[in-house]
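S.K.: I have a structure here, written as structure tokens, and I will follow up with some questions on it.
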Amino acid sequence: MKLLTKTTLYIATLSMFLFFIMGIIFFQVLKNMSLSELNRELTRIQKVVDDVFPHFLGGQLSGLPGLDSISIQPASPGLVFEDQFGDTLMFDTRTHQFRTFRYLHFLADHGGSSYTVKLYKSTTPADKLVEQVTLLMTVMVILFLAGIFFLNRFIFANLWKDFFDTLDKLKQFDTVKEPLELGEPDVEEFIELKKVLERMTMRLSSDYKELQEYTDHTTHELQTPLAVIKTKTELLMQSSNLGPEEMQLIQSINSSANHLSRLNTTLALITRIENQQFIGRNKIYLVDLLDDQLEKFQELIDLREITVVRTYSDRKQTITMDQGLADIMITNLLKNAIVHNRDAGKIFLEIKNGSFGISNEGSPLYFGEKELFKRFVRDKKKTGNFGLGLSIVKKICDNYGFKISYNYKNQLHTFTILLPDNSSSF
Amino acid sequence: MQILIVEDEIPLMESMVSYLKMEGFKCEEATSYHAGLCSLDKYDYICMLIDLNLPDGDGLNLVKIAKQNQSNSGIIIISARNALEERVKGLELGADDYLVKPFHLSELVARVHSVARRTRSHGEEILTFGMIRVMPEERTCFVEDKQVDLTRKEHDLLLYLMSNRNRVITKESIADYLWGEYGGGYGSYDFVYTHLKNLRRKLVDAGSPDYIKNVYGVGYKFSLE
């Protein structure tokens, strides 16, 4: 979840909760206030009623201003009770509705006999007021929340700007390219973050460069002594006064030097792919690429009596990459499909819009699928390979953002390479 | 049959000179850029072997000058760097071939022969060995008058063997020669064996004696006796 979404959500939930509680309290207080106001009003009227009571009894008066209704009844003798307030529902003849009335019930004495008097006052105007005030408050709260929401966005955008700038630059950071350059933030925490990041990335870049140079130099420097060993042993082999045993000793030295130099060359290639030293961008037709490389292996394919089945459903599919790397990638995949095929087996080549696949028959892997693209993972029974071919293919694919996947189904090993959209057919 | 070698690694230079001398070439040695520059016009070389990484100058420069001065000498670049750009640059400057260190001496000799053939021969050249005649340009092969049908790789292999006649050749060097630095390895020794077997069978079927001798545990030797 995004930072902004999260803060907004927090603020929204918390203020919603607070305003809900506050709203309830506010409503209750307002209600109570209006009730006590009604009670006070009724008490005031009670005094007036006391003063003019004979007029009520005489029938000259039937109501008073501020009072909705009055009922006077003779009380049974000896009845005594406190003045009491209450609510009741009554039918209003004017509006033809039941409405709530506040009443005051009390005893009034006149001329030796006592009467129970009930004063009624409608609560509707007070309720209306409470309703309106509450509505107004709610609208205010909603406006306030909206204000907070936009203010939060505004503050957020301003305050965290440096942070997001840094994040964007970090995303684009590449050890091979220039060191990270961040702007000048004015928030202390961000200044610290900038310092830490710059120190880290600087270190990363220099380490990477050093490693790169080291690998480059080592592989290069190793080749010359290896060349000397190889050539000297080869010369020695031509000597006519050596017995078979000595010859075999020399051959095994020569062979080991060969192995070492091949390993060295391959590792150097991987390093150079990782360092993105292949900068060519050629638009290559996959059909041509596959067929060219296939031709190089044709004799090996014939020797092992392997059948190649080609399904090119999109002959216009191109791939944009360095020509050298394209050759290496296809060579390695083809070689893999030939070497690990069964005798008189089949190879399936498939070019579709946006992908190509290569499959070969063979027994299942004896190591995990996840190991397949790792370095030095190989079939130990087959000599002369290092287990680097597929890891080179993976490196090349990673380099160009191609997705390579492997699966094994019905005795068929299949590699599929998905090409990104920008290199699709045109 | 003069060859100029510009190489600053003395032991490597010695090996190359020894092997090339066995093949009947005469070698002019230069261990630096400047020595190379001085020796450029000394002889009419059939081939120049130039190392790119010299302590006192860029071998590519030497290639450029050599191409201007002696246009009918073959040039083979020798480099420990296997960068495609460098290779392309060298070939664009007029070099005929590019050999990556460490190489097999037998491969070096085969390349020298091939470059010499390309730059020197006018018209069709015929290589002979015992009863075998090969026309490299046309890619044809005869045992006496009988044409032998060879595949591309078998033909390359035969040329390689003929360039290294009477020498012990390892199967590694054959694999590297036939499939290049990224193509070798990976079970290719088995393929070398198969190719050799087929080539041998085709030549013998055409009436030639078996010139391909096994040197037990080491490799092969292409010789008359």
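S.K.: Output the qualifying pairs, or none if there are none: Cβ atoms under 7 angstrom, residues six or more apart or on different chains, first residue in region B:56-81 and open to solvent by 70 Å² or more (accessible area, probe 1.4 Å), second residue assigned to a loop (DSSP other than H, G, I, E, B) and acidic (Asp, Glu).
M.R.: Sorted first by the residue in region B:56-81, then by its partner, the pairs are B:Asn69/B:Asp41.
S.K.: For region A:315-340, how many residues are assigned to a loop (DSSP other than H, G, I, E, B) and within 11 Å of chain B (Cβ to nearest Cβ)? So that I can check it myself, show each step before the final result.
M.R.: At the first step, the residues of region A:315-340 found to be assigned to a loop (DSSP other than H, G, I, E, B) are A:315-317, A:322, A:340.
So of that shortlist, the ones also within 11 Å of chain B (Cβ to nearest Cβ) come out as A:322, A:340.
So the count comes out to 2.
Let's see how each residue does on (1) more than 37 Å from the chain's Cα centre (by Cα); (2) surrounded by fewer than 22 Cβ atoms within 10 Å (Cβ to Cβ); (3) basic (Lys, Arg):
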| position | (1), (2), (3) |
| --- | --- |
| A:Arg315 | yes, yes, yes |
| A:Asn353 | no, yes, no |
| A:Asn360 | yes, no, no |
| A:Ser363 | yes, yes, no |
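S.K.: Additional query: Can you name every residue in region A:241-276 that is open to solvent by 60 Å² or more (accessible area, probe 1.4 Å), over 15 Å from A:Thr219 (Cβ atoms) and touching a residue at least 12 places away in the same chain (Cβ under 8 Å)?
M.R.: Matches in region A:241-276: A:Ile253, A:Gln276.
S.K.: Given A:Phe144, A:Phe149, which one is open to solvent by 50 Å² or more (accessible area, probe 1.4 Å), over 24 Å from A:Met33 (Cβ atoms) and outside the structural domain of A:Arg203 (by TED's automatic domain parsing)?
M.R.: Working: A:Phe144 fails: over 24 Å from A:Met33 (Cβ atoms).
Going through A:Phe144, A:Phe149 in turn, just one is open to solvent by 50 Å² or more (accessible area, probe 1.4 Å), over 24 Å from A:Met33 (Cβ atoms) and outside the structural domain of A:Arg203 (by TED's automatic domain parsing): A:Phe149.
Condition check ((1) touching a strand residue (DSSP E or B) at 6+ places or on another chain (Cβ under 9 Å); (2) assigned by TED's automatic domain parsing to the domain that holds A:Thr266; (3) farther than 23 Å from A:His259 by Cα) across all residues:
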residue: A:Ile351; (1), (2), (3): yes, no, yes
residue: A:Ile358; (1), (2), (3): yes, no, yes
residue: A:Gly368; (1), (2), (3): no, no, yes
residue: A:Asp379; (1), (2), (3): no, no, no
residue: A:Lys394; (1), (2), (3): yes, no, no
residue: A:Gly401; (1), (2), (3): no, no, yes
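S.K.: Given the criterion farther than 29 Å from B:Glu7 by Cα and either touching a helix residue (DSSP H, G or I) at 6+ places or on another chain (Cβ under 7 Å) or at pLDDT 85 or above (or both), identify the matching residue among A:Gln238, A:Gln276, A:Gln223.
M.R.: On the way: A:Gln238 fails: farther than 29 Å from B:Glu7 by Cα; A:Gln223 fails: farther than 29 Å from B:Glu7 by Cα.
Only one candidate passes the filter, namely A:Gln276.
S.K.: When the residues of region A:254-280 are filtered to those that are within 11 Å of chain B (Cβ to nearest Cβ) and among the hydrophobic types (A, V, I, L, M, F, W, C), which remaining residue is farthest from A:Asp207 (Cα to Cα)? Full working, then the answer.
M.R.: First, the residues of region A:254-280 that are within 11 Å of chain B (Cβ to nearest Cβ): A:254-266, A:268-269, A:272, A:277-280.
Adding the requirement that they be among the hydrophobic types (A, V, I, L, M, F, W, C) leaves A:257, A:260, A:263, A:268-269, A:278-279.
Details: A:Ala257: 31, A:Leu260: 26, A:Leu263: 24, A:Ala268: 18, A:Leu269: 20, A:Phe278: 21, A:Ile279: 23 Å.
Looking at residues that are within 11 Å of chain B (Cβ to nearest Cβ) and among the hydrophobic types (A, V, I, L, M, F, W, C), I get A:Ala257.
S.K.: Do you know which of the residues in region A:89-136 that are surrounded by 16 or more Cβ atoms within 10 Å (Cβ to Cβ) and aliphatic (A, V, I, L, M) is nearest to A:Gly63 (Cα to Cα)?
M.R.: Checking each candidate, the answer is A:Leu119.
S.K.: While we're here: How about region A:341-417: which strands (runs of 3 or more DSSP E) wholly inside it have at least 2 residues that are free of Cβ contacts under 8 Å to residues at least 24 places away in the same chain? It would help to see each step written out before you state the result.
M.R.: Numbers: elements: A:346-352, A:355-361, A:403-409.
It comes to A:403-409.
S.K.: Something else: Got at least one residue in region A:281-290 being more than 14 Å from chain B (Cβ to nearest Cβ) and modelled with pLDDT under 85? Steps first, please.
M.R.: Taking region A:281-290 first, the residues more than 14 Å from chain B (Cβ to nearest Cβ) are A:283-290.
The next check asks that each one be modelled with pLDDT under 85; those that pass are none.
No, because not a single residue in region A:281-290 is more than 14 Å from chain B (Cβ to nearest Cβ) and modelled with pLDDT under 85.
S.K.: Based on what the data block shows, is A:Val339 under 27 Å from A:Ser363 (Cβ atoms), open to solvent by 40 Å² or more (accessible area, probe 1.4 Å) and among the β-branched types (Val, Ile, Thr)?
M.R.: no
S.K.: Hey, among A:Leu67, A:Leu42, which residue is closer than 18 Å to A:Thr123 by Cβ, touching a Leu at 6+ places or on another chain (Cβ under 8 Å) and at pLDDT below 85? Reasoning before the result, please.
M.R.: Values: A:Leu42 fails: at pLDDT below 85.
Matching residue, one of A:Leu67, A:Leu42: A:Leu67.
S.K.: Would you be able to tell me the number of residues in region A:201-238 that are more than 22 Å from A:Ala268 (Cβ to Cβ), more than 7 Å from chain B (Cβ to nearest Cβ) and open to solvent by 60 Å² or more (accessible area, probe 1.4 Å)?
M.R.: The first filter runs over region A:201-238 and keeps only residues more than 22 Å from A:Ala268 (Cβ to Cβ), leaving A:201-204, A:232-238.
Retained after the next criterion (residues that are more than 7 Å from chain B (Cβ to nearest Cβ)): A:201-204, A:233, A:236.
Those still in the list that are open to solvent by 60 Å² or more (accessible area, probe 1.4 Å) too: A:202-204, A:236.
So the answer is 4.
S.K.: Tally the residues that are open to solvent by 40 Å² or more (accessible area, probe 1.4 Å), within 26 Å of B:Arg165 (Cβ to Cβ) and of a type in the set (D, E, K, R), restricting the search to region B:85-113.
M.R.: We begin by selecting, within region B:85-113, every residue open to solvent by 40 Å² or more (accessible area, probe 1.4 Å); these are B:85-89, B:91-93, B:96, B:111, B:113.
With within 26 Å of B:Arg165 (Cβ to Cβ) added as a condition, the list becomes B:96, B:111, B:113.
Restricting the remaining residues to those that are of a type in the set (D, E, K, R) gives B:96, B:111.
Result for region B:85-113: 2.
S.K.: If we keep just the residues of region A:116-163 that are free of Cβ contacts under 8 Å to residues at least 60 places away in the same chain and assigned to a strand (DSSP E or B), which is farthest from A:Gln46 (Cα to Cα)? Step through it out loud before you land on a result.
M.R.: Pass one, region A:116-163, residues free of Cβ contacts under 8 Å to residues at least 60 places away in the same chain: A:116, A:118, A:120, A:122, A:124-125, A:128, A:131-132, A:135-136, A:139-140, A:142-144, A:146-147, A:150-151, A:154-155, A:157-159, A:161-163.
With the extra rule that they be assigned to a strand (DSSP E or B), the set shrinks to A:116, A:118, A:120, A:122.
Values: A:Thr116: 12, A:Lys118: 9, A:Tyr120: 11, A:Ser122: 16 Å.
Ranking the qualifying residues of region A:116-163, first place goes to A:Ser122.
S.K.: Which of the residues that make up region A:235-279 are acidic (Asp, Glu) and within 22 Å of B:Asn53 (Cβ to Cβ)? Lay out the reasoning, then the answer.
M.R.: Of all residues in region A:235-279, those acidic (Asp, Glu) come to A:245-246, A:274.
Those that are acidic (Asp, Glu) and within 22 Å of B:Asn53 (Cβ to Cβ): none in region A:235-279.
S.K.: Provide a single number: the residues in region B:216-225 that are more than 11 Å from chain A (Cβ to nearest Cβ), open to solvent by 10 Å² or more (accessible area, probe 1.4 Å) and in a strand (DSSP E or B). Show your work before the answer.
M.R.: Step one: list which residues in region B:216-225 are more than 11 Å from chain A (Cβ to nearest Cβ), which gives B:220, B:222-225.
Narrowing the set further to residues that are open to solvent by 10 Å² or more (accessible area, probe 1.4 Å) leaves B:220, B:224-225.
Within this subset, residues satisfying the condition of being in a strand (DSSP E or B) are B:220.
Qualifying residue count for the region: 1.
So that you can scan it fast, the table gives a plain yes or no per residue for (1) more than 11 Å from every other protein chain (Cβ to nearest Cβ); (2) part of a helix (DSSP H, G or I); (3) within 25 Å of B:Leu99 (Cβ to Cβ):
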| residue | (1), (2), (3) |
| --- | --- |
| B:Leu158 | yes, yes, yes |
| B:Leu161 | yes, yes, yes |
| B:Val192 | no, yes, yes |
| B:Leu196 | yes, yes, yes |
| B:Arg200 | yes, yes, no |
| B:Gly207 | yes, no, no |
| B:Asn214 | yes, no, no |
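S.K.: Oh, and also: What's the number of the condition A:Ile279 fails, among (1) over 38 Å from the mean Cα position of the chain (by Cα); (2) open to solvent by 80 Å² or more (accessible area, probe 1.4 Å)?
M.R.: Of everything listed in (1) over 38 Å from the mean Cα position of the chain (by Cα); (2) open to solvent by 80 Å² or more (accessible area, probe 1.4 Å), A:Ile279 misses just condition (1).
S.K.: Quick one: which strands (runs of 3 or more DSSP E) lie wholly within region B:5-110 and hold at least 2 residues that are touching a Ser or Thr at 6+ places or on another chain (Cβ under 9 Å) and more than 26 Å from B:His155 (Cβ to Cβ)?
M.R.: B:26-30, B:47-51
Let's see how each residue does on (1) assigned to a helix (DSSP H, G or I); (2) over 49 Å from the mean Cα position of the chain (by Cα):
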site	(1), (2)
A:Asn241	no, yes
A:Gln248	yes, yes
A:Ser256	yes, yes
A:Arg262	yes, no
A:Thr266	yes, no
A:Ile273	yes, no
A:Leu289	yes, no
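S.K.: Could you list, in sequence order, all residues of region B:22-55 that are open to solvent by 80 Å² or more (accessible area, probe 1.4 Å) and of a type in the set (Phe, Trp, Tyr)? Steps first, answer last, please.
M.R.: First, pick out the residues of region B:22-55 that are open to solvent by 80 Å² or more (accessible area, probe 1.4 Å): B:26, B:29, B:34, B:38, B:41-44, B:55.
Passing the criteria: only B:Tyr43.
S.K.: Taking region A:45-74 on its own, how many of its residues are open to solvent by 50 Å² or more (accessible area, probe 1.4 Å) and assigned to a helix (DSSP H, G or I)?
M.R.: Count: 8.
The values are calculated or read from the model by the stated rules, or taken from the named source; none is laboratory data. Fair warning: this is a prediction, and the values are worked out from it, not measured in the lab. Ideal geometry is used to build each Cβ from the backbone, glycine not excepted, and the neighbour counts take in all protein chains shown. SASA here: full protein model, heavy atoms, side chains in, ligands and nucleic acids out. Shrake-Rupley method; radii C 1.70, N 1.55, O 1.52, S 1.80 Å.
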